[in-house]
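The values are calculated or read from the model by the stated rules, or taken from the named source; none is laboratory data. None of the values given here were measured: they were computed from a predicted structure. Note that each Cβ is placed from the backbone with ideal geometry, even for glycine, and that neighbours are counted across all protein chains shown.
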Amino acid sequence: MTEVVGRKIFITDFGKEIADAAEKIINQVNAITYKTMAFRGQLSGRLKISVVSTGKYVMPYFLSGFLKLNSGVELILEVTNRSKVIESLDKNEVDFSLVSVLPDKLPIQSVALLQNKMYTVAGIESQFDEPIYNKKLFNQLPLIFRKKGSGTRLVVENFMDRNGIPIQKKMELTSNEAVKQAVIAGLGCSIMPMIGIKNELEMKELQILPVKGFPIISTWNPIYLKSKRFSPVAQAFLNYIEMEKDNMKEDRFSWYEKYE
């Protein structure tokens with residue numbers, strides 16, 4: 001089923017056929033399991049969700065209670081950048097996508113879950129003289145950016161454009177985690193979502209710079225196509241988050257609400 005060419009291993013055509021057959025068998029077994037659970041009155045099936053990278057700090061909390069109530073639901077959760085998240089929704093590959101910037105060309109419905117607050121942050125060793133800064137700070141501040149295609153990058157660039165602030169790029173990195181570590185190391189400052197830096201603030205590895213007009217605020221939204229024909233699982237999840245979102249914010253994100 002495999003062959004060695006030089007120092008590389010390749011799957012043969014026969015190996016690919018076996019893999020395809022095995023996948024079909026697994027899918028059939030899953031289908032039988034789902035039908036058995038449905039016969040017993042239990043919700044069952046797959047729930048497919050794609051989330052932008054910082055959404056991984058949000059969506060799991062809105063999923064945990066639903067999955068505990070419905071043990072027959074199989075979750076497929078993809079974490080990627082905004083461009084791929086929107087693409088997967090457009091191709092109807094997922095039931096829901098979680099974004100903080102709504103797409104302007106897709107016919108979608110959305111559910112407002114939680115504010116996405118973005119602050120200017122620096123490493124704890126960085127020293128600044130003024131207690132409060134205005135936006136002119138960004139004229140000379142070396143900023144670290146997410147790469148093109150991310151929701152965070154889009155929000156920051158829109159903010160800069162609205163305020164007529166020239167972008168002084170210092171560095172461009174592929175993930176929020178990479179940006180965070182670069183800021184901690186003192187390579188520059190960045191504008192980052194609060195939701196992803198809780199631990200670093202508590203451990204005093206990062207500091208929020210007080211800049212007038214901040215935070216930049218958007219909203220985390222699970223979105224879905226208007227024409228989407230929901231499976232029973234997807235419909236049940238939509239009903240769940242609409243009913244439980246306020247309780248979840250109070251239970252899981254009370255720390256988050258205190259930052260203004």
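What to note about this one:
- Cβ separations smaller than 6 Å between residues 6+ apart or across chains give the following pairs from region 48-77 residues that are free of Cβ contacts under 8 Å to residues at least 40 places away in the same chain to residues that are in a helix (DSSP H, G or I): 72/37.
- Matching residues, region 165-202, being among the hydrophobic types (A, V, I, L, M, F, W, C) and surrounded by fewer than 20 Cβ atoms within 10 Å (Cβ to Cβ): 165, 167, 171, 173, 178, 182, 184, 185, 187, 201
- Yes/no for residue 101 being touching a residue at least 24 places away in the same chain (Cβ under 8 Å) and not assigned by TED's automatic domain parsing to the domain that holds residue 235: no
- Qualifying residue in region 148-157 (condition: surrounded by 13 or more Cβ atoms within 10 Å (Cβ to Cβ), of a type in the set (Asp, Glu), out of contact with any Leu (no Cβ under 9 Å at 6 or more places or on another chain) and within 30 Å of residue 224 (Cβ to Cβ)): yes
- Condition met for residue 46 (farther than 19 Å from residue 149 by Cβ and at pLDDT below 90): no
- For residue 125: the one exception among (1) under 30 Å from residue 187 (Cα atoms); (2) surrounded by fewer than 15 Cβ atoms within 10 Å (Cβ to Cβ); (3) touching a strand residue (DSSP E or B) at 6+ places or on another chain (Cβ under 8 Å): (3)
- Test: residue in region 169-191 that is hydrophobic (A, V, I, L, M, F, W, C), in a loop (DSSP other than H, G, I, E, B) and closer than 23 Å to residue 218 by Cα: no
- Taken together, 250, 244 contain a single residue that is touching a helix residue (DSSP H, G or I) at 6+ places or on another chain (Cβ under 7 Å), surrounded by fewer than 18 Cβ atoms within 10 Å (Cβ to Cβ) and assigned by TED's automatic domain parsing to the domain that holds residue 95, which is 244.
- Residue in region 224-235 that is hydroxyl-bearing (Ser, Thr, Tyr), assigned by TED's automatic domain parsing to the domain that holds residue 171 and touching a residue at least 12 places away in the same chain (Cβ under 8 Å) present: no
- Of all residues in region 113-128, at least one satisfies being free of Cβ contacts under 8 Å to residues at least 12 places away in the same chain, over 30 Å from residue 229 (Cβ atoms) and not assigned by TED's automatic domain parsing to the domain that holds residue 240.
- Selection from region 81-95 of residues that are in contact with a helix residue (DSSP H, G or I) (Cβ under 7 Å, 6 or more places away or on another chain) and more than 16 Å from residue 229 (Cα to Cα): 81, 82
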